[in-house]
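As structure tokens, the structure follows; a few thoughts come after it.
The values are calculated or read from the model by the stated rules, or taken from the named source; none is laboratory data. Everything numeric in this text was worked out from a predicted model, so none of it was measured. Ideal geometry is used to build each Cβ from the backbone, glycine not excepted, and the neighbour counts take in all protein chains shown.
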Amino acid sequence: MDYMEGTDFKGQIQLYPKDDDFFKAYNYPSGFEIRYEVKTEFEVSKELKKLLEGYNSSKYKFTRYTVGTNTPGFISVFIPYYTENGDFDKDGVLDKNDKCPKIRGPVSNGGCPYSADDWDGDGIPNDEDRCPEERGTKINNGCFKPISIVQSEDDSLKVTKVRGFDDDLDGVVNNDDDCPNEAGPSENNGCPWPDKDGDSVLDKDDKCPDVAGTLANNGCPTVTVEVLKQLNDYAKTILFDTGKSSIKAESTGVMVDIIKILGEYSTARFSVEGHTDSQGNSKENYVLSEKRANAVRDYLIDQGIDENRLIAVGHGDSEPIATNNTRAGRKKNRRIEINLIK
């Protein structure tokens, strides 16, 4: 080619494709080489300036040139060009609008870096910025969003903890996060609080972490009317030696059943209450009922029930549930009750 369309220039011009070694080395998409017979660089520059000012085309955009003396007897001028709808530096700004088409830069700055040391202007130097062309945060090492670094280890995927990144966005950086892919509070080292029994009461707040309960009862199961009825169905069958507070051996089985229920409601408190029939002296009946209540309480404590959960109360013959005029009625009145302390 010996001329450039739209100019008065006449001379030796060579068009280089984008995969030419020279332009690949300079990371240019393509360009022209203009060879002048030996002249001073000043003369070449004057002609070149006039040439580029006179060349008016929407197809190409010339932004810089390089003067070289690689060919004996000639001064070569290399001129890269950029296409109208191209984005050579892949920064999202078309070459025709890019003030720095060869160097990536943010759209907010016309495609040019904000500074040589901080291209994206986020206050994080390029050598510390994992995303130097995207404004980001310091906690994410200069990236807007966290980046997970995943490496293969023994044919499985493993997330590598990276200082400054916070993949789960819980405010605990990966290096300090025991659960970097699952959000959790800093008080638990970035892991969610567990809820072993699945009752929606976190273990840290759950007084019964191994047994499902209710929020109203601090994560412990609530003692229902049905449970109390079952307890008392067992309690009323506890047998004592006549006129004494010693529990008969045949009551061992029912005591085991009572212990099992109390164990399921480990934070609930109960009163063990003794009752007698009206036979004999009322004062003596009161003492006997209190002793029997304490005998049951002591047995339960010996079998592992927390003593602070139990109190013993004697009522004597003051609260009959049946007539004392019949043997059957008196049998019903001689009893142990177990009631919930609210």
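Right, I238: surrounded by fewer than 19 Cβ atoms within 10 Å (Cβ to Cβ), of a type in the set (V, I, T) and out of contact with any Phe, Trp or Tyr (no Cβ under 6 Å at 6 or more places or on another chain) or not? Answer is no for this residue. The residue list G243, G263, G314, G329 contains one member that is on the phi > 0 side of the Ramachandran plot and either surrounded by 14 or more Cβ atoms within 10 Å (Cβ to Cβ) or touching a Gly at 6+ places or on another chain (Cβ under 9 Å) (or both), which is G243. Every test in (1) more than 22 Å from V227 (Cα to Cα); (2) in contact (Cβ under 8 Å) with a residue 60 or more places away in the chain is passed by S282 save one, and that test is (2).
Within the stretch 93-107, the set of residues being in contact with a Gly (Cβ under 8 Å, 6 or more places away or on another chain), surrounded by fewer than 17 Cβ atoms within 10 Å (Cβ to Cβ) and not hydrophobic (A, V, I, L, M, F, W, C) comprises N97, K99. Filtering the stretch 274-313 to residues that are over 17 Å from R330 (Cα atoms) and in contact with a helix residue (DSSP H, G or I) (Cβ under 7 Å, 6 or more places away or on another chain) leaves Y299, L300, I301, Q303, I305, E307, L310, A312, V313.
Report every pair of residues separated by at least 6 positions or lying on different chains whose Cβ atoms are under 9 Å apart, first residue within the stretch 225-244 and over 17 Å from V272 (Cβ atoms), second modelled with pLDDT of 95 or more and β-branched (V, I, T). Here the result reads D241/I247, each pair linking the stretch 225-244 to a residue that is modelled with pLDDT of 95 or more and β-branched (V, I, T).
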